[in-house]
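J.: Here it is, the structure, as structure tokens.
The values are calculated or read from the model by the stated rules, or taken from the named source; none is laboratory data. All of these numbers come straight from a predicted model, not from anything done at the bench. So basically every Cβ, Gly included, is an ideal-geometry build from the backbone, and we count neighbours across all protein chains shown.
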Amino acid sequence: MNVDIGNALGTVAQPGISRESLERLDDRVAAAHDRIERGIANEKFGYTALALPETADPDAIRDAVAPLADSTHVLTVGIGGSALGAATVAGALGVGERAPVLDNVDPQSLHATLDSLPLSETAVHVVSRSGTTAETLANFLVVREAMADAGVDWTDRTIVTTGESGPLRSLAEEHALPTLSVPEGVPGRFSVLSPTGLVPAAILGCDVEAVLAGGQAGRDALAPSLFDCPAYAYGAVAVALERRGAHVNAFVPYAERLEYFAEWFAQLWAESLGKDGMGQTPARALGATDQHSQLQLYRAGRHDKLVTFVRPRERPDCTIPETEIEDLAYLGDTGVGELLDAEFDATEASLAAARQPNVRVEIERLDAANLGELLYGMEAACILAGELLNVATFTQPAVEWGKRAARGLLGDIDAPETDAITGKERLVVEPDRSG
């Protein structure tokens, strides 16, 4: 992975950062790197995520999924970090269409997903650290019933990833289900390089060992200077620009297989850094598609955004046939990938010409090893950003508030947060249908 921060410099962009400011910031990066390394070494909560390439056991994953090796599809049942990592890895490795996720409690979508799957050939991966996540368990109960109704023994098709105790662990033990453990001390959004994110890809025959090897390459690339470490360069520049008014981070991969990666990044960045009145708001887009829907805003709107481009430098291509249409003759005998690269270069240049800050993140190609390095790099960038912002990167108190309110509303607990729901002030505007 490499990072080009040239279009975030003050000579190009507004807001931007000067080279002199980067030099001063680098002293803080070095100090933050020392704290991160100590956190990894001491197995401190959250920082342990950056040790996963070394501590995750691909053999244990392979052994656990072996009874499900005949599966043509894998349905992940989880939410947030318990689902987005799995969807990201499967999508980026080209098996996303056979690895859907149930990460919402929308009845219509739930039924549509189940109706689309060959349940007798589908593995179900249920993920919940606590084993009590309401949305996950509700969906799993529906899936289990659907399998029974289809004459499928759900116990033959289910694998569980959960904590060392809890109702999901007890259920797995009762039915002798293959079970893996969520990593200790790792928040869900940082758990992609673990069974949480790797099980579906492993079932579908992907090279999870190479993903972890790529993550290890990212680990080996950490260094106490943003000028020597692409991950730290990205995290440091993002923080510097946020301090200067770039409060939105528009994340734009130029590869459709990285579309879920943008969703994964959005959770990582928002939930980790949105604290104490700080943090960039992640916005997701897809190149070149959203050049035709969002680029107008990014180029001509407020100067309150950092645009992050992500792309593989190499990709398979597809030749565009020659045509008799004179106005389209320039496309003939070129490649679709060549066109996409031209769109990328033009979009990047258009933002720079408008003085809108942007950063380019590149990997060599979109394969398992490069994916692992990219995932690790973004996690390290996020953790560095949290250090520089001095926020509690690994907590999510605002999320927990909403969970308590919902559980109180359903009668599961006595939660004072529920009063904010029942006491909501209302001013409802309805159409006048009297005429």
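J.: Please count how many residues of the stretch 147-165 are in a helix (DSSP H, G or I) and either within 24 Å of the chain's Cα centre (by Cα) or buried (at least 18 other Cβ atoms within 10 Å of the Cβ) (or both).
T.: Counting residues in the stretch 147-165 that are in a helix (DSSP H, G or I) and either within 24 Å of the chain's Cα centre (by Cα) or buried (at least 18 other Cβ atoms within 10 Å of the Cβ) (or both) gives 2.
J.: Working carefully through the options Leu180, Leu168, Leu198, find the one that is within 22 Å of Leu75 (Cβ to Cβ), outside any helix (DSSP H, G or I), in the same structural domain as Ile61 (by TED's automatic domain parsing) and touching a residue at least 12 places away in the same chain (Cβ under 8 Å).
T.: Only one candidate qualifies: Leu180.
J.: Now a separate question. Determine whether Ala398 is under 30 Å from Ser293 (Cα atoms) and of a type in the set (Gly, Ala, Ser).
T.: no
J.: Let me ask you something else. With the condition kept exactly as written, say whether any residue in the stretch 76-84 is within 18 Å of Ala368 (Cα to Cα), surrounded by 15 or more Cβ atoms within 10 Å (Cβ to Cβ) and assigned by TED's automatic domain parsing to the domain that holds Thr132.
T.: Looking for residues that are within 18 Å of Ala368 (Cα to Cα), surrounded by 15 or more Cβ atoms within 10 Å (Cβ to Cβ) and assigned by TED's automatic domain parsing to the domain that holds Thr132, one finds at least one in the stretch 76-84, hence yes.
J.: Here's another thing I want to ask about it. Output the residue which, of all residues in the stretch 166-189 that are surrounded by fewer than 18 Cβ atoms within 10 Å (Cβ to Cβ) and of a type in the set (D, E, K, R), is farthest from Ala90 (Cα to Cα).
T.: Glu174
J.: If I filter the stretch 47-64 for residues that are buried (at least 23 other Cβ atoms within 10 Å of the Cβ), among the charged types (D, E, K, R) and under 22 Å from the mean Cα position of the chain (by Cα), do I get at least one hit?
T.: no
J.: Quick check on the stretch 39-61. Is at least one of its residues free of Cβ contacts under 8 Å to residues at least 40 places away in the same chain and within 15 Å of His125 (Cβ to Cβ)?
T.: no
J.: Select from the stretch 241-259 the residues that are assigned to a helix (DSSP H, G or I) and surrounded by fewer than 24 Cβ atoms within 10 Å (Cβ to Cβ) and list them in ascending order.
T.: Scanning the stretch 241-259 gives Glu242, Arg243, Glu256, Arg257, Glu259.
J.: Of the residues Gly91, Gly81, Gly39, which is at pLDDT below 95 and not acidic (Asp, Glu)?
T.: Gly81
J.: Name every residue in the stretch 235-267 that is β-branched (Val, Ile, Thr) and over 14 Å from Ala288 (Cβ atoms), in order of residue number.
T.: Within the stretch 235-267, Val237, Val239, Val248 qualify.
J.: Against the conditions (1) closer than 16 Å to Ala90 by Cα; (2) assigned by TED's automatic domain parsing to the domain that holds Leu375, where does Val192 fall short? Just the number, please.
T.: Looking at each condition in turn, Val192 falls short on (2).
J.: Turning to a different aspect of this structure: Tell me which residues, restricted to the stretch 298-335, are part of a helix (DSSP H, G or I) and surrounded by 14 or more Cβ atoms within 10 Å (Cβ to Cβ).
T.: Tyr298, Arg299, Leu331 - these are the residues of the stretch 298-335 that are part of a helix (DSSP H, G or I) and surrounded by 14 or more Cβ atoms within 10 Å (Cβ to Cβ).
J.: Could you pull out the residue among Ala385, Ala369 that is assigned by TED's automatic domain parsing to the domain that holds Ala217, under 18 Å from the mean Cα position of the chain (by Cα) and farther than 14 Å from Gly46 by Cβ?
T.: Checking each option against the conditions leaves just Ala369.
J.: Name every residue in the stretch 101-132 that is out of contact with any strand residue (DSSP E or B) (no Cβ under 6 Å at 6 or more places or on another chain) and under 17 Å from Val199 (Cβ atoms), in order of residue number.
T.: Those that are out of contact with any strand residue (DSSP E or B) (no Cβ under 6 Å at 6 or more places or on another chain) and under 17 Å from Val199 (Cβ atoms): Asp103, Glu121, Arg129.
J.: Mind listing whichever residues of the stretch 70-89 are assigned to a helix (DSSP H, G or I), touching a strand residue (DSSP E or B) at 6+ places or on another chain (Cβ under 9 Å) and hydroxyl-bearing (Ser, Thr, Tyr)?
T.: Hit for the stretch 70-89 is Ser82, nothing else.
J.: In the stretch 92-116, which residues are buried (at least 24 other Cβ atoms within 10 Å of the Cβ) and either in a helix (DSSP H, G or I) or polar (S, T, N, Q) (or both)?
T.: The answer is Ala92, and nothing else.
J.: If you don't mind, another one. Looking only at the stretch 409-429, which residues are assigned to a helix (DSSP H, G or I) and either in contact (Cβ under 8 Å) with a residue 24 or more places away in the chain or more than 12 Å from Ala134 (Cβ to Cβ) (or both)?
T.: Hits for the stretch 409-429 are Pro416, Glu417, Thr418, Asp419, Ala420, Ile421, Thr422.
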